[in-house]
Amino acid sequence: MSHAPALPGRDAIVASAQESIARGSKSFAAASRLFARSTRERAWLLYAWCRACDDLADGQDHGHGMTVVDDPQARLALLTAQTETALAGQWVGDPAFDALRIVAGETRLPHGFAHDHIAGFALDAADWRPQTEDDLLRYCYHVAGVVGCMMAVVMGVDPGDEATLDRACDLGIAFQLANIARDVGEDASVGRCYLPVDWLDELQIPAGALMAAEHRPALALLGQRLADRATAYEASARYGTPALDFRSAWAVLAAAGIYGGIGREVARRGGLAWDRRITTSAGQKIGWIWRAGSEAANRARRYPPTGRDPALWVRPRQA
């Protein structure tokens, strides 16, 4: 008598998710260790889904080796269908998408956030380019800001707490701006450019010759601009940490420091920023984790109730 193979349990899916974050982001993996166990596992599960969507859309392996894919719409359709199956609480058969099923089932995660994240992959599949800074920030919301919102819910923030979700979104946007600054050369190698057309026109940088030596001084100015924008959103995000428990605040502040260092290093290197990939050393990670512990312990005093800067971009509200 034959039996159907046993479906992987939660522990196995969590273990797969842990492996995913360890391979995909040493920075986030280090910061995630600071969460309480239940939050840490859910953070890993959410990361696994986000990572899988990104890898599927871009033909990567845990964020490495971006390629030009010849079937972007088919890939988008697949990750959309698998996401919808997971949100419906059904088995998907892919550990990363079953990870989303678990997170959605264990938290009050608004499904609209997952849909907003998928919309970012749809922009890439349509070979979209930002024309203005507002376009750039909208893209950053879809691919990272809304992930910050989802992470906040994983950390126990009420989905109706718009003010705290705004701060969480700010951190995701800061991370993505730093990513874009660091990856200008890598993106250009596969025909992508996330620098707004307005910015390129302003400094007379042709998109088709972005990395040419003669344009490096001007490109360095845009790297600085991205880093400055990232710093502003990171600073805003810190004011959301009093709404979190100590360990979650510690993890968030550590991630802010660790990842924020990427944008700052782009600015420091100037025109040399894209000669070799910028990373954060183990020693630097430990330093930021140590510093973040003190910041988290004193977060109510360091980050008192303060209105969000009205000059910052405002995320769309869920229906």
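The values are calculated or read from the model by the stated rules, or taken from the named source; none is laboratory data. None of the values given here were measured: they were computed from a predicted structure. Neighbour counts run over all protein chains shown; Cβ positions are idealised from the backbone, glycine included. The protein model used for the area step is the full one, side chains on, heavy atoms only, and it has no ligands, DNA or RNA in it. Shrake-Rupley method; radii C 1.70, N 1.55, O 1.52, S 1.80 Å.
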So which residues in segment 89-112 are polar (S, T, N, Q) and farther than 18 Å from residue 153 by Cα?
90
Within segment 257-294, tally of residues that are farther than 19 Å from residue 238 by Cβ and among the basic types (Lys, Arg)
4
Would you confirm whether any residue within segment 136-158 is closer than 24 Å to residue 76 by Cα and among the charged types (D, E, K, R)?
yes
In segment 243-263, how many residues are open to solvent by 20 Å² or more (accessible area, probe 1.4 Å), assigned to a helix (DSSP H, G or I) and at pLDDT 95 or above?
5
What single numbered condition from (1) of a type outside the set (Phe, Trp, Tyr); (2) open to solvent by less than 20 Å² (accessible area, probe 1.4 Å); (3) at pLDDT below 95 fails to hold for residue 208?
(2)
Please verify whether residue 228 is farther than 25 Å from residue 259 by Cβ, out of contact with any strand residue (DSSP E or B) (no Cβ under 7 Å at 6 or more places or on another chain) and assigned to a helix (DSSP H, G or I), treating the condition exactly as stated.
no
Regarding residue 86, is this residue part of a helix (DSSP H, G or I) and touching a residue at least 40 places away in the same chain (Cβ under 8 Å)?
no
Checked pairs for segment 284-295, first touching a residue at least 24 places away in the same chain (Cβ under 8 Å) and open to solvent by 40 Å² or more (accessible area, probe 1.4 Å), second of a type outside the set (A, V, I, L, M, F, W, C) and in a helix (DSSP H, G or I), C-beta under 8 Å and 6 or more apart or across chains, list as 284/261; 288/257; 288/261; 291/257
Could you please let me know if residue 104 is at pLDDT 95 or above and either within 19 Å of the chain's Cα centre (by Cα) or farther than 24 Å from residue 14 by Cα (or both)?
yes
Is it the case that segment 109-132 has a residue that's touching a helix residue (DSSP H, G or I) at 6+ places or on another chain (Cβ under 9 Å), outside any helix (DSSP H, G or I) and under 21 Å from residue 37 (Cα atoms)?
yes
